[in-house]
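Asker: This is the structure I want to talk about, given as structure tokens.
The values are calculated or read from the model by the stated rules, or taken from the named source; none is laboratory data. Keep in mind the model is a prediction, meaning the values are calculated, not measured. Note that each Cβ is placed from the backbone with ideal geometry, even for glycine, and that neighbours are counted across all protein chains shown.
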Amino acid sequence: MNIAPNTVEAVSVVGPGRVALVSGGNRGIGLAVCEALARSGTRVYLGCRVPEEGAAAIARRGIAGATPLALQLTDPGSIEAAIARIAGESAGLDALVNNAGVSRGIRDAPGTEPMTKAREAFEVNFFGAWQLIQHALPLMRGRTGAHIVNVSSGHGCVAKVQGNNLGYRGSKAALNMLTLAFAHELAGTGIRINAMTPGWARTRLGGIGAPRTPEQGADTILWLLQGGGGHGGFYKDREPFPW
Ligand SMILES: NC(=O)c1ccc[n+]([C@@H]2O[C@H](COP(=O)([O-])OP(=O)(O)OC[C@H]3O[C@@H](n4cnc5c(N)ncnc54)[C@H](OP(=O)(O)O)[C@@H]3O)[C@@H](O)[C@H]2O)c1
């Protein structure tokens, strides 16, 4: 499902003059997104819980144009401070990538998954992303083609439910619902919002057995930011994916 895909101006927000914030930018798929954006000339805020780790990632990859930004999604004050810093340093925000995520219950069945794991998944993957959008939106209004990309998961797809990791699955299904709800709220504002799944990628979350590189996982995020897709959609490999 797409919300009014033909009435939304899908333009690229990648390149010089554009400003992006990527949560969880210090490693994995988020770092691959930051690197590609920075190399295109986009000014990138690399959201990270530990700024030193963000700075180290930037130095290791030699990414000019990326700035580490302290961002702890379970701390509302940290979210507020991160957005305030961008507001103080930039004219606005063109791209928000809600990439940070946790998945703790891969071996846990719904009957035994500890609530601490499930609650953490919802705090980061759902409430953290939601609150970041709420704070970022004022900076995105009026920016041509502004775009929010929510990094979801095939595990959030209700058509493909399996048993384990209910906290993670539920948080990503909720992130998909959030995408649709905001798509309705933002219709007509010129701000796009979409969800995507990167597929199974070799990161700390995905594990070493995954077939995709972080860069391959990042591809559809970058495609969306370059003007691909519609508004209120869910994508994998640049194609619509079932909710
Ligand atoms: N890899 C896959 O196979 C796969 C498949 C489907 C979906 N995804 C999704 O892709 C996204 C990126 O995952 P990844 O595979 O790149 O995982 P990753 O390498 O484990 O990276 C996760 C990122 O999220 C950050 N993070 C975790 N908790 C946070 C918090 N409370 N506040 C702020 N940042 C926090 C981490 O920061 P720290 O370094 O400080 O921990 C890290 O930067 C996630 O949303 C994930 O659900 C991944």
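Asker: Quick test for you: out of Ala210, Ala181, Ala201, pick the one residue that is of a type in the set (A, V, I, L, M) and in contact with a Pro (Cβ under 7 Å, 6 or more places away or on another chain).
Answerer: After ruling out the rest, the residue left standing is Ala201.
Asker: While we're on this one: How about the range 90-120: which of its residues are under 24 Å from Leu132 (Cβ atoms) and in contact with an Asp or Glu (Cβ under 9 Å, 6 or more places away or on another chain)?
Answerer: Within the range 90-120, Val102, Arg104, Gly105, Lys117, Ala118 meet the criteria.
Asker: Checking Ala84 against (1) among the aliphatic types (A, V, I, L, M); (2) more than 16 Å from the ligand (Cβ to nearest atom); (3) within 17 Å of Gln226 (Cβ to Cβ): exactly one of these is not met. Which one?
Answerer: (3)
Asker: Also, I was wondering about something else. Could you tell me whether the range 88-110 includes any residue that is among the basic types (Lys, Arg), within 23 Å of Ala195 (Cβ to Cβ) and in contact with a helix residue (DSSP H, G or I) (Cβ under 7 Å, 6 or more places away or on another chain)?
Answerer: yes
Asker: (1) in contact with a Leu (Cβ under 9 Å, 6 or more places away or on another chain); (2) within 14 Å of the ligand (Cβ to nearest atom): which one isn't true of Arg27, the others all being true?
Answerer: (1)
Asker: Only one of Gly199, Gly230, Gly209 is surrounded by 17 or more Cβ atoms within 10 Å (Cβ to Cβ) and within 24 Å of Leu31 (Cβ to Cβ). Can you tell me which?
Answerer: Gly199
Asker: Now a separate question. Can you say whether Arg49 is within 9 Å of the ligand (Cβ to nearest atom), charged (D, E, K, R), within 14 Å of the chain's Cα centre (by Cα) and modelled with pLDDT of 95 or more, as far as the supplied structure shows?
Answerer: It is false that Arg49 is within 9 Å of the ligand (Cβ to nearest atom), charged (D, E, K, R), within 14 Å of the chain's Cα centre (by Cα) and modelled with pLDDT of 95 or more.
Asker: In addition: Helices (runs of 4 or more DSSP H) wholly in the range 87-202 with at least 2 residues that are within 22 Å of Arg43 (Cβ to Cβ) and more than 12 Å from the ligand (Cβ to nearest atom) - which ones?
Answerer: 129-140
Asker: Starting from residues that are within 21 Å of Leu37 (Cα to Cα) and at pLDDT 95 or above, keep the ones in the range 63-81 and report whichever is nearest to the ligand (Cβ to nearest atom).
Answerer: Applying the filter and picking the extreme gives Leu71.
Asker: Related question: Can you tell which of Ala121, Ala55 is closer than 21 Å to Thr203 by Cβ, surrounded by 15 or more Cβ atoms within 10 Å (Cβ to Cβ) and touching a strand residue (DSSP E or B) at 6+ places or on another chain (Cβ under 8 Å)?
Answerer: Only one candidate passes the filter, namely Ala55.
Asker: Where residues in the range 206-241 are assigned to a strand (DSSP E or B) and free of Cβ contacts under 8 Å to residues at least 40 places away in the same chain, which of them is nearest to the ligand (Cβ to nearest atom)?
Answerer: If we take residues in the range 206-241 being assigned to a strand (DSSP E or B) and free of Cβ contacts under 8 Å to residues at least 40 places away in the same chain, then Arg212 is nearest to the ligand (Cβ to nearest atom).
Asker: Condition test on Val33, is it part of a helix (DSSP H, G or I), modelled with pLDDT of 95 or more and closer than 21 Å to Arg204 by Cβ?
Answerer: Here the answer is yes, as Val33 does meet what is asked.
Asker: Something else now. Against the condition surrounded by fewer than 19 Cβ atoms within 10 Å (Cβ to Cβ), more than 26 Å from Pro214 (Cα to Cα) and either free of Cβ contacts under 8 Å to residues at least 12 places away in the same chain or among the aromatic types (Phe, Trp, Tyr) (or both), how does Gly88 come out, does it pass? Show your work before the answer.
Answerer: Working: surrounded by fewer than 19 Cβ atoms within 10 Å (Cβ to Cβ): yes; more than 26 Å from Pro214 (Cα to Cα): yes; either free of Cβ contacts under 8 Å to residues at least 12 places away in the same chain or among the aromatic types (Phe, Trp, Tyr) (or both): yes.
Yes.
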